[in-house]
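Okay, structure first, notes after.
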Amino acid sequence: MKKFLTSKWVIIMTVLILLVVFNALVFNVSVVNRNIVVGLGLDFDGTEYTLHTQVVLPKNGGVASGGGNNYITLKTNAQNINIAIDKIEKEQGVILSLAQAAILVLGKSMVETGDLTLVEAFFMDDRVHDNLLLVMAEDKAEDVMNATVAAGEVASLQLVRQLSPTKAPLGVSTITMQEYIRNAKNSNKINYMPMISVEKTEPSTDQSKENEDEADKFLITQSALLDNNGLQCLLDLDMTQTFSLVKKSLQDGVIKVEGEDFFSVHLVESKTNLSYDLDLMECKVKIKIKTIRTDARYINGKVSFKLSDEEQERLKQSLDTRVKALYEYAKAQKVDAFSIVDGFKKKYPKKTSQIMADDFLDNINLKVEVTITQVE
């Protein structure tokens, strides 16, 4: 009997050891075969989607870290994103880890004619984080993903760094997946994202030049406005800056005031609020800015960076003109750039039928109120 019990425990211990060893082997295989995705691209050709995944290839079999890594772009075509990921994993014999993905680049045709609900449905999955940045390529996402960058770099992460300044500037505004999905669920809210252009650089024949000199450049000066039906219009640099001023709180940038006596101011801080009055059919855009003149002028023999009274009025008029020009441009494209309809609906929930009328925006009087605080 004693011998039987001893044999029984030997068998149990042997089985446990085998299970532990087997689990360790499986875990090691999954770690080795796990590819960390740092950037994603999505194109659409009218029938199929092309998914691009930029993944880290650690050197010497080490764990991927801040430096010393190589990168590769894996891509495939499929009917949706989930199928594309499955195909890449099966073809490459890897597991794609999307938790570290920092950016999603959408090709222009994807934004124009692709099914954007596919993007929303997939990226609500816990496999990606809410702060994933969204951008639109001027043409194909593939062009952005395959841009030539400095050695040891990768296009998606370089782009993320360009889009992530320490202070919110007067210019292109970024949008995260969380913000995009929140806006998409409100039919009265417009979505936006930066548009990325790639300026190709001719290969250098001078071997003494550094790799950085041969890298392509990302140009980020325009914005795309879109709703659930896709791309609605593009904003140039001037309108992009105005859009950011109205929609975001900013902490950096330069505002130029054109004219015979040209001058410019450095934007230290800005905050904008919109107020709504249904009885007056009026929307007021209230802009508060802290500024300092970029060039000094002399007053009574002393150097000053303050604006004169006349310059303050010209700055106010310039911002008034720019805000109204953007509003009218977007309205002509059937786009409510400032989400004015949504603002009226929130303030007057019982007047929805009046607010949702097709000609509601045409009858709104847009006013701009600018308050300037000067700093030394």
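Regarding region 114-126, can at least one residue be identified that is among the charged types (D, E, K, R) and modelled with pLDDT of 90 or more?
Restricting attention to region 114-126, the residues satisfying the condition of being among the charged types (D, E, K, R) are 115, 120, 125-126.
Next cut, modelled with pLDDT of 90 or more only: none.
No; the residues of region 114-126 include none that is among the charged types (D, E, K, R) and modelled with pLDDT of 90 or more.
Only residues that are hydrophobic (A, V, I, L, M, F, W, C), out of contact with any Asp or Glu (no Cβ under 8 Å at 6 or more places or on another chain), surrounded by fewer than 19 Cβ atoms within 10 Å (Cβ to Cβ) and not in a helix (DSSP H, G or I): list them for region 133-162, please.
A151
Would you please name the residue that is farthest from K256 (Cα to Cα), looking only at residues in region 274-314 that are in contact with a Leu (Cβ under 8 Å, 6 or more places away or on another chain) and open to solvent by 50 Å² or more (accessible area, probe 1.4 Å)?
K284
Within the bounds of region 259-273, is there any residue that is aromatic (F, W, Y), open to solvent by less than 50 Å² (accessible area, probe 1.4 Å) and at pLDDT below 95?
Among the residues of region 259-273, at least one is aromatic (F, W, Y), open to solvent by less than 50 Å² (accessible area, probe 1.4 Å) and at pLDDT below 95, which makes the answer yes.
Starting from region 157-181, keep only residues that are within 15 Å of A102 (Cα to Cα), then list their pairs with residues that are among the hydroxyl-bearing types (S, T, Y) and open to solvent by 40 Å² or more (accessible area, probe 1.4 Å) whose Cβ atoms are within a distance under 6 Å, requiring at least 6 positions of separation or different chains.
L163/T174
Inside region 163-187, can you point out the residues that are buried (at least 17 other Cβ atoms within 10 Å of the Cβ) and among the hydroxyl-bearing types (S, T, Y)?
Once the filter is applied, which keeps residues that are buried (at least 17 other Cβ atoms within 10 Å of the Cβ) and among the hydroxyl-bearing types (S, T, Y), region 163-187 yields S173, T174, Y180.
Do you know which residues across region 222-255 are open to solvent by 40 Å² or more (accessible area, probe 1.4 Å), under 22 Å from D139 (Cβ atoms) and modelled with pLDDT of 90 or more?
Answer for region 222-255, where residues must be open to solvent by 40 Å² or more (accessible area, probe 1.4 Å), under 22 Å from D139 (Cβ atoms) and modelled with pLDDT of 90 or more: Q222, Q232, L234, D236, L237.
For region 194-216, name all the residues that are at pLDDT below 90, not β-branched (V, I, T) and not in a helix (DSSP H, G or I).
The answer is E199, K200, E202, P203, S204, D206, Q207, S208, K209, E210, A215, D216.
I'd like to check something: does region 355-375 contain any residue that is aromatic (F, W, Y) and either in contact with a Lys or Arg (Cβ under 9 Å, 6 or more places away or on another chain) or at positive phi (or both)?
Restricting attention to region 355-375, the residues satisfying the condition of being aromatic (F, W, Y) are 360.
Narrowing the set further to residues that are either in contact with a Lys or Arg (Cβ under 9 Å, 6 or more places away or on another chain) or at positive phi (or both) leaves none.
Looking for residues that are aromatic (F, W, Y) and either in contact with a Lys or Arg (Cβ under 9 Å, 6 or more places away or on another chain) or at positive phi (or both), one finds none in region 355-375, hence no.
Test each condition in (1) farther than 21 Å from I255 by Cβ; (2) more than 29 Å from the chain's Cα centre (by Cα) for C283 and report the one that comes out false.
Here C283 meets the rest and fails (2).
Can you say whether Y329 is at pLDDT 95 or above and surrounded by fewer than 17 Cβ atoms within 10 Å (Cβ to Cβ), as far as the supplied structure shows?
It is true that Y329 is at pLDDT 95 or above and surrounded by fewer than 17 Cβ atoms within 10 Å (Cβ to Cβ).
Pairs under 8 Å by beta carbon, first residue polar (S, T, N, Q) in region 135-156, partner assigned to a loop (DSSP other than H, G, I, E, B) and modelled with pLDDT of 90 or more, six or more apart or different chains?
Listed by first residue and then by second, the contacts come to S156/A102.
In region 336-376, how many are small (G, A, S) and open to solvent by 20 Å² or more (accessible area, probe 1.4 Å)? Quick ask: steps written out before the conclusion?
First, pick out the residues of region 336-376 that are small (G, A, S): 337, 339, 343, 353, 357.
Adding the requirement that they be open to solvent by 20 Å² or more (accessible area, probe 1.4 Å) leaves 353, 357.
Matching residues across region 336-376 total 2.
Mind telling me which of the residues V105, V111 ends up being touching a residue at least 24 places away in the same chain (Cβ under 8 Å), assigned to a strand (DSSP E or B), in contact with a strand residue (DSSP E or B) (Cβ under 7 Å, 6 or more places away or on another chain) and closer than 27 Å to E138 by Cβ? Break it down into steps so the answer makes sense when it comes.
Values: V111 fails: assigned to a strand (DSSP E or B).
That would be V105, the only listed residue that is touching a residue at least 24 places away in the same chain (Cβ under 8 Å), assigned to a strand (DSSP E or B), in contact with a strand residue (DSSP E or B) (Cβ under 7 Å, 6 or more places away or on another chain) and closer than 27 Å to E138 by Cβ.
Filter region 237-268 down to the residues that are assigned to a loop (DSSP other than H, G, I, E, B) and over 15 Å from T321 (Cβ atoms) and list them by number.
Residues of region 237-268 assigned to a loop (DSSP other than H, G, I, E, B): 248-249, 251, 253, 258-262.
Hits for region 237-268 are K248, S249, Q251, G253, E260, D261, F262.
The values are calculated or read from the model by the stated rules, or taken from the named source; none is laboratory data. Note that this is a predicted model, so its numbers are computed, not measured. Cβ coordinates were reconstructed from backbone atoms using ideal geometry, including for glycine residues, and neighbour counts include every protein chain displayed. Side chains included, ligands, DNA and RNA excluded: accessible areas come from the protein's heavy atoms. Shrake-Rupley method; radii C 1.70, N 1.55, O 1.52, S 1.80 Å.
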